[in-house]
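Notes follow once the structure below has been shown.
The values are calculated or read from the model by the stated rules, or taken from the named source; none is laboratory data. Given the structure is predicted, the values throughout are model-derived calculations rather than measurements. Note: ideal-geometry Cβ built from the backbone for every residue, glycine included; neighbour counts use all protein chains shown.
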Amino acid sequence: MLGKMNKQLSLPIDISKHASSLADQIESAIKPCTVAATTRLLHSTVIFGDGERDLAPMGGWGRETFELHPAGFSASSDPRVLASIDSSCIPVAETMDGSAYAARVAAVFSYGGRIQSFAKFGPMLLYIDETAALGLFQGLRKRNFAKMVLMDRRVAQRMIRTRLERAVASKLASEMEDCVLMIDGALSESVLDSIDVSLDSIISSAKAIGSHVVGISKTSRVRFLSRASSRLQSADAPSYINVHDYMRCLFKGLLGRVVVAKFDENAFPFRVDVAACDNSNVGDVLSAVRFNDVFIRGYPESLRIAHHLSVFSRHEALCVGSYLAKQGEVKSVFGEDLRHSVLGEIRVGRMSGWGG
């Protein structure tokens, strides 16, 4: 229903004559979602979110719509080195031709259930213009992706993070025998990889010297993974559910076996991608991870520390900007938030509602 303003405007057309047809057009566009919506939601278990964060149900959803069978894995294993890698990248400055970023990558090593050491590289100052973007994607079949890096800062940041993490992982995978290399995220092909240092080549190098590569995802928007997590909430730990057959039907380029695993009692389950050697199975690798790392609410402490070592504080971000201003002798101009300037704010109560 259309609302009315306190003061009527003199319009060349009578909006009220078109209101009904506009409402019908809008309803038709989303009809499958609105028909009996409240009826279909009746007695449902829901999570009320804030529209920004990905929330998971505490204790699970309470019911399942298809058969999921948890499998246990050993609580002990031989000691071996775990190497966890994470990175971060923030925008620093904009120019007419490109963007400047600051990036950092960290690797944390654990062994026998204790954090042993870490290595941190950065902050690094990077500048991506058309020349740099084309150079980064030289030789790839999807060279037009270089344009996306220039147009979308989020793509550029993800590309920088991917390249840094792959560089560290490639070195460790070729030199650390009989270890477990852990990364933040899924093990899948990416258009952001370089030809020489791809995730596929890293996995091959690791397997050649008896090591494994594991990807752990904190969140997932794949709905049946949420159902698998719910099923694990009531299962004994440590345990996992094999969901690989479901995943490979939906996604191409998976480079590891996909499971949902719960490492401790009263802990959150997570998606885990496992690229195991030929003489090992998923359970063996999960056992090695659990034995050699520390877990906080079910998440590996080495990955958590790698995250915090790589992120930038506000103070660090300002320091990188100051370094650029001093060393680059750049000319700073005033920047304006166009979205805020255009949209501004509307004080509630000044006018009656517009919507129904």
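Details
- Qualifying strands (runs of 3 or more DSSP E) (wholly inside the stretch 167-244; at least 3 residues being at pLDDT 90 or above and not acidic (D, E)): 180-184, 212-217
- Scope the stretch 95-123; condition out of contact with any Gly (no Cβ under 7 Å at 6 or more places or on another chain) and closer than 16 Å to L318 by Cβ; matching residues: A100, Y101, A102, G122, P123
- Listed by first and then second residue, the pairs linking a residue in the stretch 96-109 that is within 12 Å of I183 (Cα to Cα) to a residue that is among the basic types (K, R) and part of a strand (DSSP E or B), with Cβ atoms under 9 Å apart and 6 or more places separating them unless they lie on different chains, are V105/K120; A106/K120; A107/K120.
- Whichever residue in the stretch 295-311 is in contact (Cβ under 8 Å) with a residue 60 or more places away in the chain and among the aliphatic types (A, V, I, L, M) and, among such residues, is nearest to M182 (Cα to Cα): L303
- Out of A288, A261, sole residue that is in contact with a Leu (Cβ under 6 Å, 6 or more places away or on another chain), surrounded by 18 or more Cβ atoms within 10 Å (Cβ to Cβ), hydrophobic (A, V, I, L, M, F, W, C) and in contact (Cβ under 8 Å) with a residue 12 or more places away in the chain: A261
- Of all residues in the stretch 293-302, none are modelled with pLDDT under 90, of a type in the set (D, E) and not in a strand (DSSP E or B).
- Taken together, the criteria exclude I209 from residues that are crowded, with 17+ Cβ neighbours inside 10 Å, of a type outside the set (D, E), out of contact with any His (no Cβ under 9 Å at 6 or more places or on another chain) and within 24 Å of A83 (Cβ to Cβ).
- Verdict on M151 being of a type in the set (A, V, I, L, M, F, W, C), over 17 Å from the mean Cα position of the chain (by Cα) and either modelled with pLDDT of 80 or more or surrounded by fewer than 22 Cβ atoms within 10 Å (Cβ to Cβ) (or both): yes
- Qualifying residue in the stretch 154-163 (condition: in contact with a helix residue (DSSP H, G or I) (Cβ under 8 Å, 6 or more places away or on another chain) and modelled with pLDDT of 90 or more): no
- Within the stretch 89-101, being assigned to a strand (DSSP E or B) and either at pLDDT below 90 or not aliphatic (A, V, I, L, M) (or both) holds for C89, P91, V92, A93, E94, S99, A100, Y101.
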